[in-house]
Every structure is written in structure tokens, then in C-alpha cells.
Amino acid sequence: MNSTTPASVQVNEIAFTGYPVTDIARARAFYESVLGLKTSAGGETDGGPSWIEYDIGPGTIAITNMAPEKWKPSADGPSVALEVADFDAAVAALRAAGTRFYLEPMASPSCRLAVISDPDGNSLAIHQRNSK
């Protein structure tokens, strides 16, 4: 490395995966009631920008309506894979809640997964690693 090359960035961990939403109350109902996540930080404002975090193991999912003109919900954006304890039970619960499936449950040599939609159309994967 020469003296004009900048030092590389040292990444320690993923701080959060963010999802833009249009309706905080509706999104919270999905993430908290359907997915069973517990709020860990942030909060709602009365009609203003909100930021809600859900810690899952060492990772965090955040939902927000803070930049609606610039950061819009999309099925084509990033997606987090949520590791579930019982894949079949999770799929059944999501179907019972009327959740839309972008990718129906499937198996690979290493896992089982399905890709679902939150109420704004953001994608999330439900995932279970195969036993070793």
C-alpha cells in the first residue's frame, strides 16, 4: 500500500438491517404479532418519523418511516433471513396470518427457506438450517 492509498474500513459487526415502512402501526402489528419480535429500542412519534428496533440474537431489524421520499419499501431491496426453530410451524403461522409468500417454501442441500412480504412489500426470508 502506498502513502496515498486510504486505510481500509474495519467492520466489527452488522449494526442493523433497516426496512422502510409506510404505516408504523401496521408494520408493528406484523413484526410484533405475526413474527413475535419484541421492541428493543426506538419508538413511535405522534404522526411523525418513527424508528423501531427489534434485537434478534446479535442482530437487529429496524423499521422506520423517517425518509419516505428517499427510502421506499420494495421487494427488490435487501432481505434478512430469520432463522426459525420450527420451519413448518412458522410457515403455518404465516399462512394463518394471511402473509404473502414471494417464494414458496423450498429445500436446498443446506436449508429450508421461504421468502415472505411484510405489509409494505419488503421481503424477509424464513430460514432453517439442515441438521448436521
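The values are calculated or read from the model by the stated rules, or taken from the named source; none is laboratory data. Here the structure is a predicted model, which means the values were calculated and not measured. Virtual Cβ from ideal backbone geometry, glycine too; neighbours counted across all protein chains shown. Ligands, DNA and RNA are excluded from the accessible area calculation, which covers all protein heavy atoms including side chains. Shrake-Rupley method; radii C 1.70, N 1.55, O 1.52, S 1.80 Å.
Details
- Cα Rg, Dmax, the range 1-119, angstrom units: 17.2, 60
- Trypsin sites (Lys or Arg not before Pro) within the range 1-63, DSSP loop, no more than 15 other Cβ atoms inside 10 Å: K38
- With contacts taken as Cα pairs under 8 Å at a separation of at least 6 residues, the range 46-108 carries a relative contact order of 18 percent.
- Using R0 = 22 Å, the C-beta based FRET efficiency linking A15 and S74 works out to 0.60.
- Across the accessible surface of the chain, with the other protein chains kept in place and a 1.4 Å probe, carbon and sulfur atoms take up 54 percent.
- When the GluC sites (Glu not before Pro) in the range 1-51 are filtered for DSSP coil states and for at most 14 other beta-carbon atoms within 10 Å of their beta-carbon, the remaining sites are E13.
- Mean separation of Cα contacts under 8 Å (6+ apart) over length of the range 83-132, as relative contact order %: 37 percent
- Average accessible area per residue (Å²) across the range 61-132 - probe 1.4 Å, nucleic acids and ligands excluded: 58 Å²
- Electrostatic bookkeeping for D88 treats Lys and Arg as +1 and Asp and Glu as -1; over the other residues with beta carbon under 15 Å from its beta carbon, the sum is 0.
- Per DSSP, loop trypsin sites (Lys or Arg not before Pro) in the range 62-105 with at most 16 further Cβ within 10 Å: K70, R100
- Mean separation of Cα contacts under 8 Å (6+ apart) over length of the chain, as relative contact order %: 23 percent
- Among residues other than G42 with Cβ under 12 Å from its Cβ, the summed charge is -2 (Lys and Arg +1, Asp and Glu -1).
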